[in-house]
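Structure first, then comments.
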Amino acid sequence: MTDPVKVDVWSDVACPWCYIGKRKFEAGAAASGVPVEVEYHSFELSPDTPVDFEGSAVEFLSGHKGIPVAQAKQMTDQVSAIAAEVGLDYHYDAIRHTKTLLAHELSHFAKANGKQLEVTEALFAAYFVDGGHVGHIDDLVAIAEAAGLDGAAARAALEDHRYAGDVQADLAQAVAYGIRGVPFFVIDGRYGVSGAQAPEVFAGALTQVAAEQAAAR
């Protein structure tokens, strides 16, 4: 039996390409037939974002990139079309832009309790599909409970920022790796794949690593 290939993924809840990349990676892993062990790590694309941004996601993008609103809208339309190709129904008009630090803390709480993959998927869906707020403790606790986690324990962890150090460690590791954009996939601790690549790219990388591991045994 082939041992699972470890895949560490740096991503941000508010990153549209990260959710698209997640789907493409999953498709590539399935096509390769290589078992994988996936762990998600924190990255903040816009650390200066307020928890309650007053305005739309398009308006935030316009201000963040210094481009006209119409151009920002065109960009989000293009991203939504690409998301649709992998089965994701983005609703940019409903997105509630927020600082994602607390969501990352929830991800680490979920990791400690064996539910990180479920919570990662739920956070992306809440943000891009359902118009949920991923910057408020009440909303994050609801996401935790829906994934089968203890809501009271999740609330306590978020209120006392129990996993803030783990988030900062992820951010520091991203700097050490030279990661400037996400998603970023580190396969077997040796190979980096940047961006929402085609499933074939992920399948090829996983197949190569699995073959190398088999040859080394």
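The values are calculated or read from the model by the stated rules, or taken from the named source; none is laboratory data. Only a predicted model underlies this, so the values are computations on that prediction, with no experimental measurement involved. Don't worry about glycine lacking a Cβ; one is built from the backbone with ideal geometry, like all the others, and counts go over all protein chains shown. When the accessible area is computed, the model is the full protein with side chains, heavy atoms only, and any ligands, DNA or RNA have been set aside. Shrake-Rupley method; radii C 1.70, N 1.55, O 1.52, S 1.80 Å.
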Rounded, prolate or oblate (a/c below 1.5 giving rounded, otherwise prolate when a/b exceeds b/c) for region 90-134 by Cα gyration tensor:
oblate
At 1.4 Å probe size, put F53, F185, F60 in order of accessible surface, largest to smallest.
F53, F60, F185
Estimated [θ] at 222 nm from DSSP helical runs (n ≥ 4, -39500 (n - 2.57)) normalised by residues in the chain, nearest 500
-16500 deg cm²/dmol
Can you tell me which lysines have their Cα less than 16 Å from the Cα of K22? Leave out same-chain residues fewer than eight positions away.
K6
Got the relative contact order for the chain handy, in percent, Cα pairs under 8 Å and 6 or more residues apart?
33 percent
What is the dipole size for the chain, taken about its Cα centre, with +1 at each Lys and Arg Cβ and -1 at each Asp and Glu Cβ, in debye to the nearest 20?
560 debye
Rounded, prolate or oblate for region 90-169? Axes are the square roots of the Cα gyration tensor eigenvalues, ordered a ≥ b ≥ c, and the cut-off for rounded is a/c under 1.5.
prolate
Of all lysine pairs in region 60-217 that are eight or more residues apart or on different chains, those with Cα atoms under 26 Å apart total 5
Accessible area expressed per residue, region 68-217, with surrounding protein chains retained (probe 1.4 Å, Å²):
47 Å²
So the carbon and sulfur contribution to the accessible area of the chain, 1.4 Å probe, in percent, is 54 percent
